[in-house]
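The values are calculated or read from the model by the stated rules, or taken from the named source; none is laboratory data. Nothing here was measured: the structure is a model prediction, and the numbers come from that model. Positions of Cβ are backbone-derived with ideal geometry, glycine not excepted, and every protein chain shown enters the neighbour counts. Note: accessible area is taken over every heavy atom of the protein model, side chains too, but ligands, DNA and RNA are not part of it. Shrake-Rupley method; radii C 1.70, N 1.55, O 1.52, S 1.80 Å.
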Amino acid sequence: MPSIVIIYHSASGTTAQLADAIFAGAQELATPSVYRISGTEIIAGRFKNEEIWAQLDQADAIIFGSPTYMGGPSAQFKAFADASGERWSQRAWANKIAAGFTIGSNLNGDQFNTLLSLSVLAAQHGMLWCGVDIPGGYDEQGRNRLGTQLGVAAQSNDGQVNAIDLMTAHYLGMRVAQIALKMGNKPIPKDTP
Ligand SMILES: Cc1cc2nc3c(=O)[nH]c(=O)nc-3n(C[C@H](O)[C@H](O)[C@H](O)COP(=O)(O)O)c2cc1C
């Protein structure tokens, strides 16, 4: 079974609810693990945790998550992203599958920009980005209710994530697992055109 690591930051717990829903979706077809970045692991502005770096290096897919803060990822997530530069120079995550999720308190609170940052982070690492292929407004269950195809964009202003956003997150976990299964577990040689 493919291995998937969901790594995210959450201060008040709503991004964590999305991470758990993604975990549950991925669990149907893969072996996921979930990791919440803590402020205490950030030293001089850089995330440090050798164990989690090793796990990420081994994963078939990595799903990034952050709340939307001031129209972008939180500083805690950015400390993780910046510290991943060491992996970037080694192309350690090249050809892994990547996806992302975020939440804001507004329906359109610039969540898209956070997802854009997460997808550019994946591109910097040479990862293969997996979006949400549910057409907003055309799903029987109403998933992808904010109409964002780049990743899961959610909204909450009372600490409880909207049930439909949780369903969208569950779907993304399943989709990443399906794609990881399809790709098999043979690593793609990095210099293959
Ligand atoms: C410093 C800060 C900046 C925020 N900026 C935005 C924003 O730009 N857009 C938005 O919709 N919500 C914004 N919010 C609201 C959070 O994204 C929202 O409360 C989210 O659910 C928090 O995620 P968490 O529960 O995982 O910590 C901001 C909250 C904080 C604390």
What single numbered condition from (1) surrounded by fewer than 23 Cβ atoms within 10 Å (Cβ to Cβ); (2) part of a loop (DSSP other than H, G, I, E, B); (3) in contact with a strand residue (DSSP E or B) (Cβ under 9 Å, 6 or more places away or on another chain) fails to hold for Asp158? (3)
Starting from residues that are near the ligand (Cβ under 8 Å from one of its atoms) and over 13 Å from the mean Cα position of the chain (by Cα), keep the ones in the range 92-106 and report whichever is nearest to Leu128 (Cα to Cα). Gly104
If a residue must be open to solvent by less than 70 Å² (accessible area, probe 1.4 Å) and modelled with pLDDT of 95 or more, how many such residues does the range 168-189 contain? 12
Looking at the range 118-152 only, could you name the residues that are under 18 Å from Trp93 (Cα atoms) and among the β-branched types (Val, Ile, Thr)? Val120
Leading residue by the ranking (most open to solvent (accessible area, probe 1.4 Å)) among those in the range 44-69 that are of a type in the set (S, T, N, Q) and part of a helix (DSSP H, G or I): Gln58
Report whether or not Leu146 is surrounded by fewer than 23 Cβ atoms within 10 Å (Cβ to Cβ) and touching a Pro at 6+ places or on another chain (Cβ under 7 Å). no
Could we say that Ile22 is within 14 Å of the chain's Cα centre (by Cα), more than 13 Å from the ligand (Cβ to nearest atom), aliphatic (A, V, I, L, M) and at pLDDT 95 or above here? yes
Provide a single number: the residues in the range 88-124 that are closer than 23 Å to Pro32 by Cβ, in contact (Cβ under 8 Å) with a residue 60 or more places away in the chain and in a loop (DSSP other than H, G, I, E, B). 2
With the requirement that a residue be among the acidic types (Asp, Glu) and either farther than 18 Å from Gly151 by Cα or buried (at least 19 other Cβ atoms within 10 Å of the Cβ) (or both), what does the range 1-42 give you? Glu28, Glu41
